[in-house]
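Structure record follows, encoded as C-alpha cells.
Here, each number is a calculation from the coordinates, and none is a lab measurement. Predicted model, so just to flag it, every value in this text is computed and none were measured. When we count neighbours, we look across all protein chains shown, and the Cβ atoms used for this are built from the backbone with ideal geometry, even at glycine.
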Amino acid sequence: MSPTKQAPLAQSKYHPAAREFVDHALKLAQKKFVKSPDDAHVTGRQLLEGIRELAIKEFGMMAIPVFRHWGVTTTEDFGRIVWDQVERGDMRKTERDQLSDFSGVFDFEEAFDRGYEIDTSAAFRR
C-alpha cells in the first residue's frame, strides 16, 4: 500500500480516527520496510505490523478499547479500511494485494493485551 492524492471522504462504518491512524501506521511501516525511495509499497502484513507497533506506542493497554470504539475488532477490519482508502483514491495497491492479506494475521488479545509488557527498568534505577 502507498499513499496517493486526497479524495472526498466516503461514508465508512469505521470511525474517521481509524483511517487517520492507518495513514500514520503506513508511514511507520514504510520507514521500517521500504528499501527503495522509488517504491513506497508495503504489504498488508507489513502495514499490520506498523499498526501493531503504533497502537502499542500510542495506546498501550488501551489499544483494544480504542479500536473497538472505532469499530475495529480484527485485522481484517484494518484491511477493509485500507480497501476503502484505495477505492477513495487515498492509497494505491498492486495486483498482488488482496483483502485476504489482512485476514487473521494476529489476535488482538494476544498482540495488545497478553503480549503487552511495561518497561519498569527506569522506575527501579538508582
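Residues in region 62-78 carry Karplus couplings, in order, of 8, 4, 4, x, 4, 4, 4, 4, 7, x, 9, 10, 9, 5, 5, 4, 5 Hz; the curve used is 6.51 cos²θ - 1.76 cosθ + 1.60 with θ = phi - 60°, and Gly or Pro positions show x. Entry note: the chain has Rg to Rh equal to 1.01, where both radii use alpha-carbon atoms and Rh is the Kirkwood radius. Backbone amide hydrogens, once placed in the peptide plane, bring Arg92 within less than 5 Å of Ser2, Thr4, excluding anything fewer than 5 places away on its chain. Between Ala17 and Lys57, the modelled labels are 1.8 nm apart [label points 7 Å from Cα along Cα→Cβ].
Across region 13-116, the mean sequence separation of Cα contacts (distance under 8 Å, 6 or more residues apart), normalised by length, yields a relative contact order of 33 percent.
State the number of lysine pairs found in the chain whose Cα atoms come within less than 16 Å, restricting to pairs 8 or more positions apart or on distinct chains.
For the chain, the number of qualifying lysine pairs is 7.
For the listed peptides 103-113, 12-22, a ranking on the average number of other beta carbons within 10 Å per residue, highest first, reads 12-22, 103-113.
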